[in-house]
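**Student:** Have a look at this one before I ask anything.
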There are 6 protein chains.
Amino acid sequence: MRFDGRQENELRPIHIETSYLMHPEGSVLITVGDTKVICTASIEDRVPPFMRNQGKGWITAEYAMLPRATGTRNIRESSKGKVSGRTMEIQRLIGRALRAVVNLESIGERTIWIDCDVIQADGGTRTASITGAYVAMVQALHKLQVNRSISKFPVHDFLAATSVGILENGKTVLDLNYVEDSAAQVDMNVVMTGNGEFVELQGTGEESTFSYNQLNEMLKSAQEGLMELFEHQKAALGDDVVKLITATKKGKSK
Amino acid sequence: MRFDGRQENELRPIHIETSYLMHPEGSVLITVGDTKVICTASIEDRVPPFMRNQGKGWITAEYAMLPRATGTRNIRESSKGKVSGRTMEIQRLIGRALRAVVNLESIGERTIWIDCDVIQADGGTRTASITGAYVAMVQALHKLQVNRSISKFPVHDFLAATSVGILENGKTVLDLNYVEDSAAQVDMNVVMTGNGEFVELQGTGEESTFSYNQLNEMLKSAQEGLMELFEHQKAALGDDVVKLITATKKGKSK
Amino acid sequence: MRFDGRQENELRPIHIETSYLMHPEGSVLITVGDTKVICTASIEDRVPPFMRNQGKGWITAEYAMLPRATGTRNIRESSKGKVSGRTMEIQRLIGRALRAVVNLESIGERTIWIDCDVIQADGGTRTASITGAYVAMVQALHKLQVNRSISKFPVHDFLAATSVGILENGKTVLDLNYVEDSAAQVDMNVVMTGNGEFVELQGTGEESTFSYNQLNEMLKSAQEGLMELFEHQKAALGDDVVKLITATKKGKSK
Amino acid sequence: MRFDGRQENELRPIHIETSYLMHPEGSVLITVGDTKVICTASIEDRVPPFMRNQGKGWITAEYAMLPRATGTRNIRESSKGKVSGRTMEIQRLIGRALRAVVNLESIGERTIWIDCDVIQADGGTRTASITGAYVAMVQALHKLQVNRSISKFPVHDFLAATSVGILENGKTVLDLNYVEDSAAQVDMNVVMTGNGEFVELQGTGEESTFSYNQLNEMLKSAQEGLMELFEHQKAALGDDVVKLITATKKGKSK
Amino acid sequence: MRFDGRQENELRPIHIETSYLMHPEGSVLITVGDTKVICTASIEDRVPPFMRNQGKGWITAEYAMLPRATGTRNIRESSKGKVSGRTMEIQRLIGRALRAVVNLESIGERTIWIDCDVIQADGGTRTASITGAYVAMVQALHKLQVNRSISKFPVHDFLAATSVGILENGKTVLDLNYVEDSAAQVDMNVVMTGNGEFVELQGTGEESTFSYNQLNEMLKSAQEGLMELFEHQKAALGDDVVKLITATKKGKSK
Amino acid sequence: MRFDGRQENELRPIHIETSYLMHPEGSVLITVGDTKVICTASIEDRVPPFMRNQGKGWITAEYAMLPRATGTRNIRESSKGKVSGRTMEIQRLIGRALRAVVNLESIGERTIWIDCDVIQADGGTRTASITGAYVAMVQALHKLQVNRSISKFPVHDFLAATSVGILENGKTVLDLNYVEDSAAQVDMNVVMTGNGEFVELQGTGEESTFSYNQLNEMLKSAQEGLMELFEHQKAALGDDVVKLITATKKGKSK
């Protein structure tokens, strides 16, 4: 039994509230245990300079925490005048992950801006951000399709992320909260598509190492958790959108 | 009748949700019409260098908007690497306003950090921030009192803020939303204490001017709105805390 | 009697030296007591991006202090690599105030850059800046008219600013110097047009508050001081320019 | 056969030149094919503030490229005034990896600064940096031991890194050069200890995904390459130092 | 005959107004032709970290131009958020030059901050800054002596600077104004002590070169101009201070 | 005899390795005693904004040190987020010096980017940078000529730099190393063309001064050293390129 009463391979309670804000094209409040992230998707009708005139779109992400999302107050990155390495790493990860399941040609020369703002943090903020951002992004792209701004639906698979790790006692556990994460020997983030393929795998020994067998055990646990997360995403998106994605996937694999 | 059906001297619907987040000593989600601000109060057990060894505390505020709090996405100030003049003006205003109703000696050498993060904007974000931040701050200071970290309750009055303005049609209106604010000839922010004294008055003609009579009309409308806002704050704070403030006020005026 | 021998409603000695520098289109050294500010107006033949193709001009201001304008040396904002909140607040105020008396359509797609550089500070630097910058701006715009670069004179009213406040002894005083300002309970800056309308009103209780009656007393004192400041501006500008402004004002009010 | 004539599981030629510079405590020029990195290790007799008074040391890394290490000139990060997300990600990775094989208690309150400066880039600069930095660090720590500044040798295992990926043609290849890396579907960096345990695993689908079988194939290829890299490191370090590390490892596992 | 009617070896009219501002310990408005610079000297009772506990003082300088000191408006360095290379070069030069004639031991652990703010520029701003800053610094140090804060007068020689150059027509001219400077083939700044020794010599061919004979001709012209500048400095400083410097010089050379 | 056994007018051993890196159009590793600098020349097919549409090219330089090029580690300028005054001074000097021997019209609207990265420092890094950068630049421009991108060879003279100084013992020495430079009373950098004309002369008394006779002695020593440096450059460039430069020089002087 874990600190908070969960089984080793048990996710924390998930809730995904869609259309959370009035202005963005897509917006979600995702709750994973005590971690809460506002994810929005904004559509801009142009691409960054390095992408121009290629007939393709772009997806980019930004991530931040409210100063008091955590137990002690963090100095705002705007006050410090620079973005930390950790923040940059996370926003690059989110953008890269989402791009793996979107046909960038189908969205035309548009940029999808993803903003993940953590309003309360209890571990797993980057994986919650990916899982929530996916839903916000799909809603924004669906709106483009409904408005007939694009002709082919660009999302060809589901995408979610979770963490898995090895605790000090050697146990492999799923979806670490802050207390577990702080003390874990190994921490691994897994981003996966709906058909069970890896998009991103980041395993890190924290002043520690892990063996091939431990890797396999972690991957198995992560995969089970991710299958559950896909169900939450599908419920949040609704049947019509789920069918669109499934159809795009089939169209692609032919 | 106004754009959104309100009377000229009618506030938008207000809601103040206290203890909104798990980590901060005080936290509030304040909703004023479609404007939503998360206000937190964090207590740090030291003061900035320029205040040291004076036996007094300090209150300082930071303000930000989520990139997609508005109709079009704003670039994050952390990405730009600097805080805009507008942001600085607002955070200086919030801090100054709150300090007017707190006995800084009574909080000892502590800093109260106020964070106002606008998650959805529809005009009046700075006044909503002050009104919400006051409640978050009182809760944090009340916790200090309950923990016996301080001996005298330091808040000696209520404090709220609203805006008032003159529209293009010459009408004086209370609590302008974004559409009204964009087109107003005059925009005035009024910060007032529970006993009807001014803390801050900022009236600005937007490529326009205003007469002494118009000033008086605006002040009258603002005062009525503020009296209503105090009732919402009192309801949110609860009777015990309201009594504490009232008692501190009496003690001070003797 | 005040610290420096003045009556409560008495301004400090004023001097406005025009054409102070050889390069700028308009330039003034304004002296208000021991406060000295160099105000220049520069004309650029284009507007900032957000104003383009609207057939209108723009007026923007920058404000700075020499490091040793004050009793102790301040670190240069260029060395710190950022502009302080106080500086930003002041430069936004100066620009906004000047725009209230200029017909931006009449100046075409040009930017008037106002620079206010305080070379010696003894309180009231922001109000002296506005009063001096108005004169420098009018001279620069007059040159445009003389050169036939514009056809209609764009300045339709006079504009000046002063401060008023409530001292620790409860007295309302006009035009506070540094010693008075540091200890004042209430500090109010008033920007007014030649016909007695408010452009900007910023009243602040410094860990203090003020009543409606005190507000009225302050406004009365400010207005008297401003009437005197307009006479200094008129003397500095000369009869021909004064007539031009008066004529523009009449043309506008018809 | 690959672009440059290598077999799929063949590393590029490796050369590690030790004591490359006169000033640093440890310094290496590592050459991996056409990729050349200068790695230095500097010892500072204090730790960063967050580590003080814990009786432990710290290892931190910085990474940069000369502007013309690449085919087109990159703007210097010092000129841009900020460090890119990619750079931050890499320097965090290098530091984390090295800390996994060092007993931080044994180095006392010292910081080992690792600097990896790429003077010529042809893919795999981050893995070459780790492999080279390990050698520079070991030499610097060995010097500390020789000087009797530390009593227990702190390095308890070997450490090297390589990349492995899946090309557009579906082939799994080891040690990708720039041309291969640019077009690869999957790119994975593997950091491993001398006894075959993972320290870090970062696999990324580039607008693509990878299956569990592909993961296993990549890991196998990486492991073979890493075994070869350990031999190069051992040759560069010399027998005495290799024995010290082996002895520390045995001491630890008891 | 030159553009402005001067002889080749003729300085522009010089004026040095001392005690120009009320706050600084020393302050000067120096006018060299149409170039005007406010030079102030401020005394701080500590030295920068790298100088601590050596029983010596430090002299450092900052230099800036008002945005409209020149024919077209320059963007403020505080707005750009960084100081240009040209500015840094000049402020390093001013500080280095002044340190050459001051006995740093005699001023104790104090910093003399020199600020040179160009309010009007017409060539030669860096040399006018040095010449004016010397006078402001001497006055500030004299005040320290008068207050008995220091026991030995620290300034042991006079110091002034001028420019000399070779025009397009091949003529060697003294004290170039902006028009001459812009077109000159060679530009040389010479900083000299009262007894004719060089402190700093900076000669630059502007897409051009100069011979040994031309160098000698320039140095001769510069020396004559500098002798005249020393007379202006002496007149500004007054006999008593001049005697102090002369006495310190003699004391040193023994 | 000097610290390292050299005669007073003796240069340190020089080595210039050309084509040191694979990517840049020109690249050199220059070794002067223990000072080692990588100099590269990159050609960009456009000029900075202030140079556009003038039919001329531009040459600009950047200079940096690896953190551990020196005895103690320096913080990277990219981490500090700004470039030091010393760095700016040096890069301005390098660019200016190179422009003196190149016909900018002949290179068309191209920018030659010079990068000088010091990998090991033992005094004289700026002069070694100029001497090495000249060779890298010539090679890059020669490549342009060979590719027929330009029709006239633009380099019309040789260019090298060295330092000369006066030690504490009053001796004039050539090519100071770090130990000598740190203690020297006077330090002078001389940049000269192949025909013995000065391009740049920067002499600085370090809290000291120098006489006209000392200046002459230093210039004589510098010139002798520079003649030797030109021979090293010629050997590195090869006969064909040397002839091209000589021919361009003759063509120009006609």
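Where a number appears in this text, it was derived from the coordinates with a stated rule and is not lab data. Only a predicted model underlies this, so the values are computations on that prediction, with no experimental measurement involved. Ideal geometry is used to build each Cβ from the backbone, glycine not excepted, and the neighbour counts take in all protein chains shown.
**Student:** Which residue, chosen from C:L159, C:A140, C:G170, occupies the Cα position most advanced towards the positive end of the dipole of the stretch C:102-170, where the dipole is computed from +1 (Lys, Arg) and -1 (Asp, Glu) charges on Cβ about the Cα centre?
**Tutor:** Working it through, the farthest residue towards the positive pole turns out to be C:A140.
**Student:** Another question about this same structure. Please sort B:109-119, C:85-95, B:208-218 by packing, taking for each peptide the average over its residues of neighbouring beta carbons within 10 angstrom, highest first.
**Tutor:** Averaged packing, sorted descending, gives the order B:109-119, C:85-95, B:208-218.
**Student:** Over the stretch C:129-254, what portion of Cα pair distances is larger than 24 Å, expressed as a whole percent?
**Tutor:** Of all Cα-Cα distances in the stretch C:129-254, 37 percent exceed 24 Å.
**Student:** If you don't mind, another one. For the stretch B:14-62, what is the relative contact order in percent, using Cα pairs closer than 8 Å and at least 6 residues apart in sequence?
**Tutor:** Result for the stretch B:14-62 is 24 percent.
**Student:** Can you give the mean number of other chain Cβ atoms that lie within 10 Å of the Cβ atoms in peptide F:17-28?
**Tutor:** Per residue, the average neighbour count from other chains is 4.
**Student:** How many percent of DSSP beta bridges within the protein assembly as shown run antiparallel, rounded to 5?
**Tutor:** Around 85 percent of the beta bridges assigned by DSSP in the protein assembly as shown are antiparallel ones.
**Student:** Using all C-alpha to C-alpha distances in the protein assembly as shown, build P(r) with 10 Å bins and read off the rounded percent in each one.
**Tutor:** 1, 7, 12, 17, 19, 18, 15, 9, 2, 0
**Student:** Give a residue-ordered list of calculated ³J(HN,Hα) values for the stretch F:196-201 (Karplus: 6.51 cos²θ - 1.76 cosθ + 1.60, θ = phi - 60°; whole Hz; x for Gly, Pro).
**Tutor:** So the J values, rounded to whole Hz, are x, 8, 7, 9, 8, 9.
**Student:** Sticking with this structure for a sec: Taking the Cα centre as origin and putting +1 on Lys and Arg beta-carbons and -1 on Asp and Glu beta-carbons, what dipole magnitude results for the stretch E:10-86, to the nearest 20 debye?
**Tutor:** Result for the stretch E:10-86 is approximately 440 debye, rounded to the nearest 20.
**Student:** Neighbour counts of other C-beta atoms within 10 Å: give me C:L219, E:L244, B:L176 arranged from fewest to most.
**Tutor:** Ranked by crowding around the Cβ, least crowded first: E:L244, C:L219, B:L176.
**Student:** What residues have an amide H closer than 5 Å to that of E:Q185, excluding those fewer than 5 places away on the same chain, when H is modeled at 1.01 Å from N in the peptide plane?
**Tutor:** Placed amide hydrogens put E:I166, E:L167, E:E168 under 5 Å from E:Q185.
**Student:** Check the axis relating chain E to chain D and name the residue of E whose C-beta is nearest, distance in whole Å.
**Tutor:** Here the nearest residue and distance are E:G81, 5.
**Student:** Run through the other copies and list how far each one's label point is from that of A:N195, in nm with one decimal, shortest first; the point sits 7 Å from Cα along Cα-Cβ.
**Tutor:** So the distances to the same position in the other copies read 4.1, 7.4, 7.4, 7.4, 9.0 nm.
**Student:** Can I ask one more? Going 7 Å from Cα along the Cα-Cβ axis for the label, what nanometre distances separate C:D45 from the same residue across the other copies?
**Tutor:** 3.3, 3.3, 5.7, 6.6, 6.6
**Student:** Further question: Average partner chain C-beta neighbours within 10 Å, per residue of A:213-220?
**Tutor:** Other-chain Cβ atoms within 10 Å of each residue's Cβ, averaged: 2.
**Student:** Still on this model: Hey, for F:T246 with labels 7 Å out along Cα-Cβ, what do the inter-copy distances come to in nm, ordered shortest first?
**Tutor:** Spelled out, the distances from F:T246's label point are 6.0, 6.2, 8.4, 8.4, 10.4 nm.
**Student:** Per DSSP H run of n ≥ 4, the term is -39500 (n - 2.57); total these for the protein assembly as shown, divide by its residue number, and report the mean residue ellipticity at 222 nm rounded to 500 deg cm²/dmol.
**Tutor:** Dividing the helical sum by the residues of the protein assembly as shown leaves -11500 deg cm²/dmol.
**Student:** Just want the ordering: C:M137, A:M65, from fewest to most Cβ atoms lying within 10 Å of their own Cβ.
**Tutor:** A:M65, C:M137
**Student:** I want the local charge near C:I30. Using Cβ-Cβ distances under 9 Å, sum +1 for each Lys or Arg and -1 for each Asp or Glu among the other residues.
**Tutor:** After counting each charged neighbour, the total is 0.
**Student:** With 10 angstrom as the radius, rank A:R52, B:R68 by how many other C-beta atoms surround their C-beta, starting from the fewest.
**Tutor:** By the 10 Å Cβ count, ascending, the order reads A:R52, B:R68.
**Student:** Scan around D:T162 for amide H atoms under 5 Å from its own, H built in the peptide plane at 1.01 Å from N, and keep only partners 5 or more places away or cross-chain.
**Tutor:** D:V190
**Student:** Let me ask something else about it. Checking the table B:K171/C:K250; E:K36/E:K82; B:K220/B:K243; F:K36/F:K80; B:K82/C:K36; B:K36/B:K234 against a 22 Å threshold on Cα-Cα, which pairs fail?
**Tutor:** Flagged as over cut-off: B:K171/C:K250; E:K36/E:K82; B:K220/B:K243; F:K36/F:K80; B:K82/C:K36.
**Student:** Okay, moving on. Can you give the average number of partner chain beta-carbon atoms within 10 Å of each beta-carbon in peptide B:59-66, as a whole number?
**Tutor:** 3
**Student:** So in chain C, what percent of DSSP beta bridges are antiparallel if you round to the nearest 5?
**Tutor:** 85 percent
**Student:** Give me the net charge for the shell around E:E105: Cβ to Cβ below 13 angstrom, other residues only, Lys and Arg +1, Asp and Glu -1.
**Tutor:** Local net charge: +3.
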